[in-house]
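Only one structure is covered here, and it is reproduced in the block below.
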Amino acid sequence: MKVAGMETKQAAEDGPESQFVTFEIGENTFLIPIERVVEFRTWSEPTSVPHTPDYVRGIVNIRGEIVPVYDVAARLGRGLTQPGARHVVVIVRGEDRRSVGLLVDSVTDIVNARPGEMAPMPRIEGGDATPFMSGVVFAEERIFGVTDVDRLVTETFPDGIDMAAAQAESAG
């Protein structure tokens, strides 16, 4: 029997599939929603910008758009990447439509997941990646963290306050 407005567990598991690009940082594999990915680029040294955090490697010009490049390993507190030929810059587009480059060790695969294979990210105290993860995906007998691109590239104070929002508030 079907009840209007009620979804069965099977229907949730059989819902529309989401696709994710997998990337590696060290021994860890993370996901980015595929709809956020614009392109993949080989590593080339960006132009450095003074007075930026260590994890901002610089800026690049991509078809007339100036794009900041973030070192994901450094952003996660794992030290600066020493980029080489195998490293990849994943160009992603944020919710604000701004493009950002993410320096990662490698891009490895595409993962498909149905709603029943996804869950919100649990809060884990002291976990370096958890503030930048929006959820998890259960696939290939593993659990993958889904990267929240917007949180990853938002400038924050050490206590997690959004710098742009704080600066706008203090100016107003």
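What follows draws every value from the coordinates through simple rules; no lab data is involved. The structure presented is a predicted model; accordingly, all values stated were derived computationally and were not measured. Methodologically, a virtual Cβ is constructed for each residue, glycine included, from the backbone with ideal geometry; neighbour enumeration extends over all protein chains shown.
Overview of values
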| item | result |
| --- | --- |
| Extension reserve of the residue 47-residue 110 stretch, reckoned as 0.36 nm per residue once the Cα distance is removed | 19.6 nm |
| Nearest-0.05 FRET efficiency for residue 17 and residue 98, computed from C-beta distance (R0 22 Å) | 0.20 |
| Trypsin sites (Lys or Arg not before Pro) restricted to the stretch 32-84 and DSSP loop, no more than 12 other C-beta within 10 Å | 63 |
| Cα shape, the stretch 17-171, gyration tensor, a/c 1.5 rule | oblate |
| Spatial separation of Cα centroids for the stretch 94-149 and the stretch 68-93, in angstrom | 15 |
| Top positive-direction residue, dipole computed over the stretch 17-171 with Cβ charges, set 33, 47, 118 | 47 |
| Under the Karplus curve 6.51 cos²θ - 1.76 cosθ + 1.60, θ = phi - 60°, whole-Hz ³J(HN,Hα) for the stretch 115-121, x wherever Gly or Pro sits | x, x, 9, 10, 8, x, 6 |
